[in-house]
Amino acid sequence: MEAVWEAAGPVSVRAVVDGLNARRREPLAYTTVMTVMSRLAAKHKLTRRKVGRGYLYEASAADAAGIAVKDVLRDHGDAAIAHFVEEVRGDPAAIRRLRRLLEDSDG
């Protein structure tokens, strides 16, 4: 995933393989990386689109949002949470969505 994030845009399997192998002693096989990226696309962690005979991959929007939230919480902690609560407090629909999400995560 880091190799895809570092690309900051659509990236081919070949570009990911080359980037990973530049930092490794033992090179990874193209087919190994292709399989992992295909599985990440099936799990909706990556999106992909057909280009010629291959695919270009990007981090999914949901994954990017999750990373952004983790970064904000890591960098700003309680202040970020307090600001979020203040924003949600005035929005009944957001409060309902938040309650549903919290209830769904209890199981």
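For Leu20, the conditions (1) touching a residue at least 12 places away in the same chain (Cβ under 8 Å); (2) open to solvent by 80 Å² or more (accessible area, probe 1.4 Å) all hold with the exception of (2). Checked against the criteria, Arg14 counts as open to solvent by 90 Å² or more (accessible area, probe 1.4 Å) and at pLDDT 95 or above. The residue of region 59-94 that is farthest from the chain's Cα centre (by Cα), among those that are of a type outside the set (Ser, Thr, Tyr), under 29 Å from Arg14 (Cα atoms) and open to solvent by less than 70 Å² (accessible area, probe 1.4 Å), is Asp71.
Residues considered: Leu56, Leu46. Of these, the only one that is within 25 Å of Thr31 (Cα to Cα), in contact with a Phe, Trp or Tyr (Cβ under 7 Å, 6 or more places away or on another chain), open to solvent by less than 70 Å² (accessible area, probe 1.4 Å) and at pLDDT 85 or above is Leu46.
Has region 19-37 got any residue that is of a type in the set (Asp, Glu) and in contact with a Pro (Cβ under 6 Å, 6 or more places away or on another chain)? Checked region 19-37: no residue is of a type in the set (Asp, Glu) and in contact with a Pro (Cβ under 6 Å, 6 or more places away or on another chain). Just one of (1) surrounded by 12 or more Cβ atoms within 10 Å (Cβ to Cβ); (2) at pLDDT 95 or above; (3) part of a helix (DSSP H, G or I) fails for Leu28. It is (3). Just one of the listed residues (Ala41, Ala62) is assigned to a helix (DSSP H, G or I) and modelled with pLDDT under 80, namely Ala62.
Figure legend. Inter-residue proximity from region 3-15: first residues under 17 Å from Pro27 (Cα atoms) and in contact (Cβ under 8 Å) with a residue 24 or more places away in the chain, second residues hydrophobic (A, V, I, L, M, F, W, C) and assigned to a helix (DSSP H, G or I), beta-carbon distance below 6 Å, spacing 6+ or different chains. Indicated pairs: Val13/Val33; Val13/Met34; Val13/Met37.
The values are calculated or read from the model by the stated rules, or taken from the named source; none is laboratory data. Note that the coordinates shown come from a computational prediction; the quantities given were computed from them, not determined experimentally. Cβ atoms come from the backbone with ideal geometry, glycine included; neighbour counts cover every protein chain shown. The accessibility values were calculated without ligands, DNA or RNA, using every heavy atom of the protein model including side chains. Shrake-Rupley method; radii C 1.70, N 1.55, O 1.52, S 1.80 Å.
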